[in-house]
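This report concerns only the one structure given below.
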């Protein structure tokens, strides 16, 4: 363990200080994505990299298959840190060496709770029951949710829940049809809500 004295810390330049990363959960389809959904996910990640420093963000996914694989590969290529939380049933998948993989030893559903609870914000880029569970969990846990609409997948039905699922209003749900606008809104949220707020 490295221990730094206050005097040493005081003399450090701002560029020497390591800031706490931001944690963005990505809920996404586990099946093979359509070409248009693949393009939308790449466009989201590319736009996100332009509005926030990729090195300062950890993107969290629940696996490395389906649309999640496209997201992980693009994010790593652009310099994001990637945390993968696979369920027990998929822990033996071959993961990219640059990703951080935490083998939780839990089921698909419990892993989804870990993904949401680790995230400051949840982005749903289209999916089915697993993605829907992650959205509902995020709402119940007070994690803001940004959903890509018009994906052709079951998550498109969740527009009826925007901006709130119920009268508790524990978290806002935004459905945005354009991946570039979606990324810009996520960046705006992270800028307006510094870590610890």
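Residue-level analysis places residue 47 outside the set of residues that are surrounded by 15 or more Cβ atoms within 10 Å (Cβ to Cβ), more than 11 Å from the chain's Cα centre (by Cα) and at pLDDT below 95. Screening the candidates 122, 83 for the property of being in contact with a helix residue (DSSP H, G or I) (Cβ under 6 Å, 6 or more places away or on another chain) and closer than 25 Å to residue 147 by Cβ yields one hit, 122. May I ask you to verify whether residue 42 is in contact with a helix residue (DSSP H, G or I) (Cβ under 7 Å, 6 or more places away or on another chain), within 25 Å of residue 184 (Cα to Cα), surrounded by fewer than 19 Cβ atoms within 10 Å (Cβ to Cβ) and modelled with pLDDT of 95 or more? Considered against the rule, which asks whether it is in contact with a helix residue (DSSP H, G or I) (Cβ under 7 Å, 6 or more places away or on another chain), within 25 Å of residue 184 (Cα to Cα), surrounded by fewer than 19 Cβ atoms within 10 Å (Cβ to Cβ) and modelled with pLDDT of 95 or more, residue 42 comes out as yes.
For beta carbons closer than 7 Å, sequence separation of 6+ or different chains, a first residue in the range 177-190 that is touching a residue at least 12 places away in the same chain (Cβ under 8 Å) and a second that is in a loop (DSSP other than H, G, I, E, B) and buried (at least 16 other Cβ atoms within 10 Å of the Cβ), the qualifying pairs are 177/149; 187/52; 189/144; 190/52. Take residue 146 and decide whether it is assigned to a strand (DSSP E or B) and closer than 25 Å to residue 84 by Cβ. Here the answer is yes, as residue 146 does meet what is asked. Residues satisfying the criterion are absent from the range 57-65 (criterion: under 22 Å from residue 195 (Cα atoms), surrounded by fewer than 17 Cβ atoms within 10 Å (Cβ to Cβ) and touching a residue at least 24 places away in the same chain (Cβ under 8 Å)). When the test is whether a residue is at pLDDT below 95 and either on the phi < 0 side of the Ramachandran plot or buried (at least 21 other Cβ atoms within 10 Å of the Cβ) (or both), residue 163 does not pass it. Quick check, is residue 137 in a helix (DSSP H, G or I), crowded, with 18+ Cβ neighbours inside 10 Å, touching a helix residue (DSSP H, G or I) at 6+ places or on another chain (Cβ under 7 Å) and modelled with pLDDT of 95 or more? Spelling it out, residue 137 is indeed in a helix (DSSP H, G or I), crowded, with 18+ Cβ neighbours inside 10 Å, touching a helix residue (DSSP H, G or I) at 6+ places or on another chain (Cβ under 7 Å) and modelled with pLDDT of 95 or more.
The values are calculated or read from the model by the stated rules, or taken from the named source; none is laboratory data. Please read all numbers here as calculations on a predicted model, not as lab measurements. Cβ coordinates were reconstructed from backbone atoms using ideal geometry, including for glycine residues, and neighbour counts include every protein chain displayed.
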